[in-house]
Every structure is written in structure tokens, then in C-alpha cells.
Amino acid sequence: MSVVKLSNVDIAITRGGIKIVEKISFEIASGQILGLVGESGSGKTTVSMSLLGHTRKGAVIESGSITIDGHEIVDASDNELRSLRGGTIAYVPQDPGTALNPGLRISKQILESLEKHQPDVDHEVHMARVREILTEVALPSDEDFLKRYPHQLSGGQQQRVAIAIAFACRPKVIVCDEPTTGLDVTTQSKVLATIRALCREHGVAALYVSHDLAVVSELADNVAVMYAGRIVESGNRDEIFFNSIHPYTRRLIRALPDIAGKNQILGISGYAPMPWDRPTGCAFAPRCADAQSICSQSVPEITRISGTHNVNCHRHKDSTKIVATARVERDVVSSSTQALLGIDGLNGFYGSRQVLFDTNIHIQPGECVALVGESGSGKTTLSRCIGGLHDDYEGQISYFGNALGKHALERKKEERRDIQYIFQSPYASINPRRPIGATISRQLELFYGMKGSAAEARIKELLDLVSLPHAIVTSFPDQLSGGERQRVAIARALAAEPKLLVCDEITSALDVSVQASVIETLKNLQESTSVALLFVTHNLALTRSIANRVAVMRKGTIVEYGGLDEVFNSPKAEYTNRLLQHTPTLK
Amino acid sequence: MLFVFGRILAGIPIIIALTVLVFMATQALPGDAAVSYLANTATPERLAAIREQLNLDDPLWVQYFSWASDALRLDFGMTLTGETSVSAILGERIQNTLILMASSGIIAIPLSIVIGTYAAVRRGKIFDNVSSLVTLVLAALPEFVVAIFVVFLLATNVFQIFPAISFVEPGTLAWADPMSLVLPSLTLILAVTPYVSRIMRGSMIEVMESEYIQMARLKGLSERTVIMRHALPNAIAPTIQVIALQLAWLAGGVVVVEAVFAYPGIGTVMIDSVKARDLPIVQAITLMIAALYVILNILADIGTILSTPRLRTKYARKNDTSDVFAAMDGDQ
């Protein structure tokens, strides 16, 4: 018996009637977890909130039916919704840092759900339940902890409090909206284990929304894949991950960084359309290698493959299997040549606080060194020291044997030209008031005095290198997608013809499919221009697709430094081992 | 509670700096205070007497120290008429002014919070639009115009309910005749409420859009609980600073309003003594209004800290356990 049942749900923007999601149907049984997967703009959050009868401002559930434990949600009165929310169906937010009230003690925030939904029960009984649920989510439950405010907890603890709030009233259904996005892998795997255990033990039906297929594969019993407002494929876990049919699902799985290291990641060109410019026909057709004329004419109907497996694709009978490409082993560049960049005995500080301890890294010309660490490990500070953006350090950074000035302003123009920095957020690092062409030509003029037609020709070359259309030169950043912007940032860096690119988490703001294609671009670049890369990331799996060597950082210290295979196959540090174990994978 | 003393201690150098500024802006200015006070009634003997009283023949720093050390003990000397001490004249007057400020503040602050909150909750509805318009108009009008309008409406031409002039028997305080308090208070309330309610509305709207409010609604809490427990406490904290500034403004704004109603507070004395160039009184009142600004701002800082758990916990235990949390971070 399904506790959650959606049939043909359409949610639209009130003004203009543009549909955000269309014909959403699925069911979840008690104790089952359904993973709802999609990239940004796919409508997955809209669907998840509709289970609680909530739509964002300006949107409305137009048609269809949503039943939760036998109660119809569409058209329910505010009072009916209030009695269901928090009691029968509960919500775990994406970012507990902003979803917990900063002004209330955590005990109160758990307690108030109980008080609302079980008003006849004594205060002592409620408090006992608060302690019990805190213990279940592996948090302390002593008086001191109960009195804490959210800001006195770590990110992982905050998320556990949010989970405790959700499970406090023993709900029948729980909706999780990417609850581990902001967490480190080790914390993430523990939080996931907690959610899994609570759902199993108490027979709770869960909807788990995520862009991360690997996480979903570790958690979900069934999976629905969303693209541009529709479910394109759904089935049980094995059907989706090992026998998928829809070209989008197949490509998405191939875009996933593979920590086992067997397969090369493969990007999907283009990006998911927003609700107001979705194409007619199959929304994926413009990005699909298998598309035929019918695909752009009519929306594919649902096709039943097995009792559980459904797919919406015109070409479900003969779409191309995406064969995994074997990953090419990359030789470690020999260390005998003089290092392009040498970091020796670097100690970094923020005022009186030391954040980097005796760091040593050498990068050879043309190689890619990945710097991996969880948030707060000091990896960004180190890359900022290299880029001349953080000068509060002792020790030496040398460039071909010559010591570099600490601050970028103390460095020679050639040194600044040869070391280029690409920032994490492509939304903040490109001047929004300049067309793309001007952003890139600024570098050409500054470093090479190049202007006019020579500059134009060079810009075209650069755009080709990063796979952007030439027409983009007249566009402004806000007309581009995140992936396109990050390519512009890469092209801008390349305009200087650098010897070293410092890439600081440059794919973390991007969708998985876009991340994969940016990685492909970087890899091709490295082969064609022999630029060296310092690739900074929190994602260990990703380094396997690009790096020659890997440095693992923890709390400001490099705990592991070696060739790719050495680090992955026989890690020396216990910490690396732990990261490898906790990184979610398709198994 | 250590931070409370810290804030108060930090106020002391500011008060001392204030005495320097007030002294410089009055007595130390070029021009002889004695000459400007006596004007054409000056005779050599009288000039000498005044100079003697104000120590005008001493070097400036000696003048300052003798004035400031007395002032900090609240002894502002004799008025230049030489009949009474400044403290005797101001004593009752200050109490009357504080009564007026208190009676306006006690009504204006809760009223603004209610108006601002309600407008934010009903954003875009009739109440919000009307209150926005009315508060904008009131904020744009100088308070003496508001005062005259209030007199027109409630004391003279339309209704004759309250006295247009606040006559308080010398030797008694303003409570003795509450009717005389109504119109001056009403004017000040109308002057302060618009600012505070608009800030409160903005602060409240920001909080209502936050994720923790959405989260509270998704817990199934009633809208009343969401607003009273989750939104209001978080919205008031940023408003406290504005409330303090407005209360301090009252101390200055009161001068004009008291003049319109002939209310026997420090405002009327201020105007009279400026006209008469009676320096000790002007100095005393200026210093008191300035000190009130400082005190209210210190109170606002303390209020902000107390109403914001993040700040409160930071100040409450200096040897915070944050290092412990950092070690626990990542649940390792």
C-alpha cells in the first residue's frame, strides 16, 4: 500500500501559466526510499515541496492528485495541511544553517513540532521524546546540548538536528531536499546512514531529492530521473543504474566521476533549459545524440518496460548504449626536471591563527596536481597563496627556481601572466557589465598589447579551445549558463598563455553533466597546450579523471602526496582511506 | 554580564570627549561670552563680574578643567543673571521633559512594532499600502507642522478636547495635569512612529522570506506561532538600534515641540537661554542631550546583544567552546 501517491501533477507559474513540472506520477510505499534525481532547473525541488502542499510564491498546483497517507493534498484547506505537515509528512531542508531558527534553542525547535501535533501529551513525555530522537540521530541529549543554539553546532550536527525535527512526531512520510549538499563526504555518509536506518526501522516512506546520482544509488530503493519538468525514466535502483534506457539517464551516469577509476567521465554538451524556454517535443532532444525528427515534434509517451521500469523516449527500442570509455592512465611526469612551481615549507596564517602547516608541493611543467580536502582543510588558502591573493605566510613559493613575491603586486608582470587563477563561482568572477569579448581582450591587451583584428582572431581561437560559440563575444555574463561562464573564465585565463592554471573548485557550482564537460575541456587543453594545472577540489573521485598526482590535505597539513594510482590503490594515510571509503559510488 | 560593564566603561571616554566638544562649541569660540551676554548693558564692572564667574581671564585649558570637573559632578554653576543656580532651574524642567519623552516612547515603540509587523505580514494588502502612505507623509512633515495640525484638530478649531497650551503650575510636575501631556506626546508619537514602523516592516519582511520561516510553516505551526515565535524576535533585533536613535532624536526634537505647546521642559529653557546668551544653561542642556545620545546607544548595543543569541553566547562565555565544536566538526 503506497503512502505517497502522485498522479499527473502539473505545477505552473500563476502568471502566464508556464508549467514548471508536468504529468508527475509516482508512488512510494512504507519503508521505501524514492530517489528523485535531476539537474538544476529540472523541477525536482518543486515536486518535493508539493508533497507538503507547498508551492513557491507565484506558483500553483494546477491539476493532478497528491495523496499522503490517504489525505488529498491538492485543494486541502490550510488547517488540514497544517495538521499533516510536521506530523504525517515532514521535511528535511537542504541547508540547516539557514533553515534552523537562529533565535531558538534546538530543544525548542524539536519540541514545538511535538507540542503542535500531540497537544494532549505532558511536557515531560515530550522532553523524553526529544532526548530519544536526539540519541537516534547520534547527538548528545544532555541539558547543555538541549540549550544550544544552532550556531553553536557544526554543519553535520545542524543537519542531524533538522533530521531529528523531521522524525520527532514519527511521520509516515519524509521529504529530504539534498540534505547532504553542504557536508563533507565523511559526515555525509554518516548522515545518510542515519536517514536510511530511521526510514527502515520506523517504516517511513521517503522522497530523497538530489542531483548526485552516486548518493542516490547508495540510498534509494527506486529512482525517478527528472529532466526539464518531467520524469523521463523511473525504475528500481538496478534498472536505472545498470539497465537505463533514456539517453539522458545513460549520459548522466557516464558523467559521474568514477572513483574506481575504470571509466573516463563524459560530459553532456549544452545545459538544461529553464521552464520558459523549453523546446517543443522531447526537452532533451537538443542535447541528445540519438534525436530524430520525431523527437522535436512530440513529447514522448510513457512506455512500460517492466513492472517497475518506465521510460519516456521515442527511441526507447534503439537508443545508443553509451559504452564506458576506459580511462587512459596518465604517467606521472618525472620529477627530475626543474619544477615549474615549488612550494617549500609554507606556513599560512589568518592573523594569529595558523591554517597551513609546513606545506611542500612541486608541480612539473605540463602536469596536473590535484589538491583534495574537505571544507576548512586550507586548500583554498594554499591556492590563494600561489595566486598572490593571500600574503600572510612564511616559507617560499618559487617559480622555475626564482622566489615569487608574496602579493601579486610584488610579482613581475611575466610571473603574473604565467600563473592564472580561476575562481570557484563563475557568477561572481566575471564583470557583469562587460561583454564577454571585452573580458577576454582585456588580458590580451594587458599582457601582449594585442588589439583590433589580431585580438579578435585570438579570441576566436580561445573560444574554440573552450568549446564556446564565437557569437558569445557580444553577450553579457547574465545571458550565459553557469557552465558557459566557467568556460569564459577559463578562456580569459588562457588568453594570458599561462604556464600554470590554478583551478579553485571550479566545477563545484556546476551540474554533474556540465562538470564532466568542463573537465573534458581542461583535459584536452592540457594535452594541446601543455599547461600545468593545480586542480583544487573537495571531490576525490573527480581527481581521477584529470590528475597526474594527488595531494590530500587535512587541517592545513598535506597528509598524502603521490601519483594517482599510488594514492588510490595503496593510500598511506588513514585519512585518505577514510575519504575513499566514504565517497559515494555506483555499486 | 561582563560585557554590560564593558559597554558602560566604553561610554566614559565618549562622555569626556563630549565635554571637550561642548566646551569648544560654546565658551571657547572666538568672541567674549561676557560681552555677548551683556550686549549694550555692559559696564566695565559688570563685564569683570561675568568674566570672573566664567573664569574667562584664565587660559582656555584652565577654563575647561574647572568647567568640566564641575559639570561631571552635575554642578553647572550659577546662571548669568546670577540669581539662581543652573541646576535649580533645570531640575524640574528635565523631569518634565523626561516625562514627555517617556510617555511618547512608551506608546510610540510598541505601536510602531505592531504597525510594522502587521504591514509586513499583510504585505501588498490594503493595510500595508495605507500605512506606507500615511507614514511617508508623516515622516516628510516637520514636527512643528504636525504640532500645529494637532492643535487645530484637537484643541481649537475642530474639537476642543485638550488644552492647546501645556500650563504646568511651577513647582509641580507634568503628571499633575495629564491632559497637558496629551498633545505634545501625540505630536512626538506621530513624529517617531513612521521611521520605526518602516524599519520594522522591512526587517520583518526580510525575516518572513527566510528559510527558517518556511521551515516553521512546514512543521505545521499556526501562522500566529510562526509570526510571534519565529519571526518577530529575529526581526526586532535590527530595529533596536533605530529605536535608540529615534528616542535620542526625541531629546532634540522635544525642543521645538515644547516651544509650540509652551511646555515647561528643557526645550523652552534652551530657547530662552540661547536668546539671552546665558552660557552656563546652554552648556548644561547641550551636554545633557549629547549624554542622552550616548546612553541610549549603549543601551541599544546591550539590547541588541541580549536579543541575538549568536552575540549573547559570544559575549557570555569569553572562553567559548567553539574550539571544541571545531574538533567535533565533521562528526569525526
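Computed with the Debye formula from one identical point scatterer per Cα of chain B, without solvent, the log10 of I(q)/I(0) at q = 0.11, 0.12, 0.15 Å⁻¹ comes to -0.88, -0.99, -1.26. Kirkwood analysis of the Cα pair distances in region A:6-114 returns a hydrodynamic radius of 15.4 Å.
Applying the Karplus relation 6.51 cos²θ - 1.76 cosθ + 1.60 with θ = phi - 60° to region B:175-180 yields 3J(HN,Hα) values of 4, 3, 10, x, 4, 6 Hz, where x marks Gly and Pro.
When the Cα atoms of region A:435-587 are aligned to their principal axes, the ranges along those axes come out at 56, 29, 27 Å in descending order.
So what is the diffusion coefficient of region B:74-143 in µm² per second by Stokes-Einstein at 20 °C and 1.002 mPa s, using a Kirkwood Rh over Cα pairs? Diffusion coefficient, whole number: 138 µm²/s. Within the listed set B:ALA42, B:ALA164, B:ALA251, the Gaussian network model of chain B (springs between alpha-carbon atoms below 10 Å) gives the highest mean-square fluctuation for B:ALA42. In order along region A:178-185, phi translates into HN-Hα couplings of 6, x, 10, 4, x, 9, 6, 4 Hz, rounded to whole numbers, per the Karplus curve 6.51 cos²θ - 1.76 cosθ + 1.60 with θ = phi - 60° and x for Gly and Pro.
Close amide-amide hydrogen proximity is noted between A:ASN263 and A:ARG327, each under 5 Å apart and 5 or more residues distant or on a separate chain (H modeled in the peptide plane; Pro and chain starts excluded). When restricted to Cα atoms, chain A yields an Rg and a Dmax of 25.5, 80 Å, respectively.
Highest mean first, the peptides B:100-109, A:378-387 sorted by other C-beta atoms within 10 Å per residue fall in the order A:378-387, B:100-109.
A helix-only calculation puts the protein assembly as shown at -15000 deg cm²/dmol for mean residue ellipticity at 222 nm, using -39500 (n - 2.57) for each DSSP H run of at least four residues, averaged over all residues. To the nearest ten degrees, helix B:232-261 and the longest principal axis of the Cα atoms of chain B are 30 degrees apart. Once divided by 2.2 N^0.38 Å, the Cα radius of gyration of region A:2-220 becomes 1.00. Report, in degrees rounded to the nearest 10, the 0 to 90 angle that the Cα long axis of helix A:482-495 makes with the longest principal axis of chain A. Its long axis makes an angle of about 10 degrees. Against chain B, whose longest principal axis comes from its Cα atoms, helix B:279-307 is set at around 10 degrees. Semi-axes of the equivalent ellipsoid of region A:244-327 are 24, 17, 11 Å, computed as sqrt(5λ) over the eigenvalues of the C-alpha gyration tensor in descending order. The 3J(HN,Hα) values that the Karplus relation (6.51, -1.76, 1.60; θ = phi - 60°) gives for region A:234-250 are, in residue order, 9, x, 6, 3, 5, 4, 6, 7, 10, 10, 5, 10, 5, x, 5, 4, 4 Hz. Gly and Pro appear as x.
Cross-link pairs exceeding 21 Å between alpha carbons, from the set B:LYS219/B:LYS314; A:LYS19/A:LYS44; A:LYS406/A:LYS499; A:LYS406/A:LYS451: B:LYS219/B:LYS314; A:LYS406/A:LYS451. Note on region A:498-587: the C-alpha convex hull projects to 6.6 nm² when averaged across all orientations.
The share of C-alpha pairs in region B:1-120 whose separation exceeds 25 Å stands at 49 percent. Restricting to the protein assembly as shown, compute how many DSSP beta bridges are antiparallel as a %, nearest 5. Given both bridge residues lie in the protein assembly as shown, the antiparallel proportion sits at roughly 55 percent.
Read-outs throughout are calculated quantities, based only on the coordinates presented, and are distinct from any laboratory measurement. If you're wondering where the values come from, they're calculated on a predicted model, not measured in any experiment. When we count neighbours, we look across all protein chains shown, and the Cβ atoms used for this are built from the backbone with ideal geometry, even at glycine.
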